2 protein chains.
Amino acid sequence: MKTVLPERTVERLSLYRRILLNYQYLDHAYIFSHNLARFLKTNAATVRRDLMLIGVEGNLHKGYVISELVEKINEAIDPDRTEKVAFIGIGEFGRAVYEYFNQNDARLQVAATFRFGSQTSNQIEDIPCYNMVNLPTVINKSGIKICVVAVTLDYVKEISTILAHSGVLGILNFSSALLQLPPHIYVENYDMITKLEKIAYFMNKAGNISNQ
Amino acid sequence: MKTVLPERTVERLSLYRRILLNYQYLDHAYIFSHNLARFLKTNAATVRRDLMLIGVEGNLHKGYVISELVEKINEAIDPDRTEKVAFIGIGEFGRAVYEYFNQNDARLQVAATFRFGSQTSNQIEDIPCYNMVNLPTVINKSGIKICVVAVTLDYVKEISTILAHSGVLGILNFSSALLQLPPHIYVENYDMITKLEKIAYFMNKAGNISNQ
């Protein structure tokens with residue numbers, strides 16, 4: 001098994017790749033570490049260290065070969081097989097990232113969305129939309145391993161229980177409560193309420209702070 | 001004008017308040033800094049420093065008076081008047097936070113959602129849902145100051161142009177591209193693609209890393 005990369009490195013590699021995929025349209029073959037660094041508001045040394053970790057070295061005069069870099073990042077961070085992602089409670093959000101994953105031949109695939117209420121089985125783009133009651137069956141049958149969860153507090157406990165025993169291995173949680181999950185599930189939490197309150201605070205103080 | 005608090009302090013104050021509001025149901029009148037710290041996985045010294053910044057001191061033997069603490073946090077981070085928030089592209093997400101802001105008499109109010117396509121003016125809960133073409137008019141007429149944006153790449157440029165001159169002061173951006181905005185607008189970016197790729201990477205390596 002390969003060594004496990006640091007969390008921040010994985011995030012940056014994902015960002016480098018996104019930039020490189022755009023950069024390719026410009027017909028450039030090479031890119032310098034300081035150019036990549038500028039996009040991410042980091043420094044060239046960080047970029048070089050990240051790339052060294054995945055076994056890529058640049059040419060002092062030309063920089064990195066873009067196609068090789070993309071390939072090495074694919075090898076380093078992509079899962080070995082296509083992983084299916086489901087969106088629970090925010091189907092529209094699934095559509096917003098569906099496009100990216102589809103265009104770039106990525107190993108992540110938006111496979112299903114789930115919603116509450118009576119409108120079941122509506123398609124959003126090519127993604128089937130199911131009623132929440134079908135969650136356990138669909139996740140199990142379609143081999144979904146990653147779920148993006150954004151449900152209101154009333155449903156957090158119920159959804160946690162379902163996901164805990166579903167075969168799901170990774171969760172991106174946008175609900176305002178923490179999910180109770182067994183330790184084998186990798187969870188990344190995002191708290192929108194806190195971010196909104198932070199924005200409301202700082203937007204009224206423009207001029208006193210540096211933006212972004 | 002009051003001194004501007006550090007960004008991380010504002011985020012933590014928002015979280016303290018959320019915890020305290022739940023804690024109140026337990027009929028506790030006091031809370032210790034180390035209890036608050038445990039919820040946030042931080043240390044008691046950080047909590048005490050944050051609270052000192054907003055002028056609250058705890059009692060050595062009893063801790064902090066919860067009701068006073070909530071009030072001081074309200075004073076410190078809430079806007080002076082109610083700010084309206086719109087959700088562009090992810091109405092369902094608006095619903096998920098609507099509940100919280102409504103229950104707690106908060107100064108943030110989910111005021112509108114916008115979607116593409118033919119289904120216009122559908123209500124989600126009590127939040128009106130508009131077609132995207134009405135964005136400039138509605139934002140202007142209803143005095144919306146904060147927008148949560150999650151649109152696909154095709155629309156990023158158009159939405160940026162509209163928001164730049166709309167009177168909006170704060171943006172939470174979930175699109176996978178950066179928005180081109182004038183410096184008086186406070187922007188917080190969230191990159192879902194990166195987080196999904198990170199989850200896909202680490203979930204296959206459970207056991208080698210410490211799980212949150």
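The values are calculated or read from the model by the stated rules, or taken from the named source; none is laboratory data. The structure presented is a predicted model; accordingly, all values stated were derived computationally and were not measured. Every residue, glycine among them, receives a Cβ derived from its backbone with ideal geometry; neighbour counts consider all protein chains shown.
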(request) Please indicate, with yes or no, whether at least one residue in segment B:38-51 is polar (S, T, N, Q) and either surrounded by fewer than 15 Cβ atoms within 10 Å (Cβ to Cβ) or farther than 29 Å from B:Val148 by Cα (or both). (result) yes
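Out of segment A:19-35, which residues are closer than 29 Å to A:Tyr186 by Cβ and in contact (Cβ under 8 Å) with a residue 24 or more places away in the chain?
A:Leu20, A:Leu21
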(message) Here are the criteria: (1) under 24 Å from B:Ala177 (Cα atoms); (2) more than 10 Å from chain B (Cβ to nearest Cβ); (3) modelled with pLDDT under 80; (4) not in a helix (DSSP H, G or I). Tell me which single one A:Gln119 does not satisfy.
(response) (1)
(request) Name, by its number, the condition in (1) crowded, with 16+ Cβ neighbours inside 10 Å; (2) within 12 Å of another protein chain (Cβ to nearest Cβ); (3) over 19 Å from A:Glu71 (Cβ atoms) that does not hold for A:Leu15. (result) (3)
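Could you check segment B:142-212 for strands (runs of 3 or more DSSP E) lying wholly inside it with 2 or more residues that are at the interface with chain A (Cβ under 7 Å from one of its Cβ atoms)?
Where strands (runs of 3 or more DSSP E) fall fully within segment B:142-212 and carry at least 2 residues being at the interface with chain A (Cβ under 7 Å from one of its Cβ atoms), they are B:170-173, B:186-189.
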(request) Could you tell me whether segment A:75-93 includes any residue that is crowded, with 17+ Cβ neighbours inside 10 Å, more than 14 Å from chain B (Cβ to nearest Cβ) and at pLDDT 85 or above? (result) no
(message) Contact list please: Cβ distance under 6 Å, first residue in segment A:54-68 and closer than 13 Å to A:Ala44 by Cα, second residue part of a loop (DSSP other than H, G, I, E, B), pairs at least six apart or on different chains.
(response) A:Gly63/A:Phe32; A:Tyr64/A:Gly58
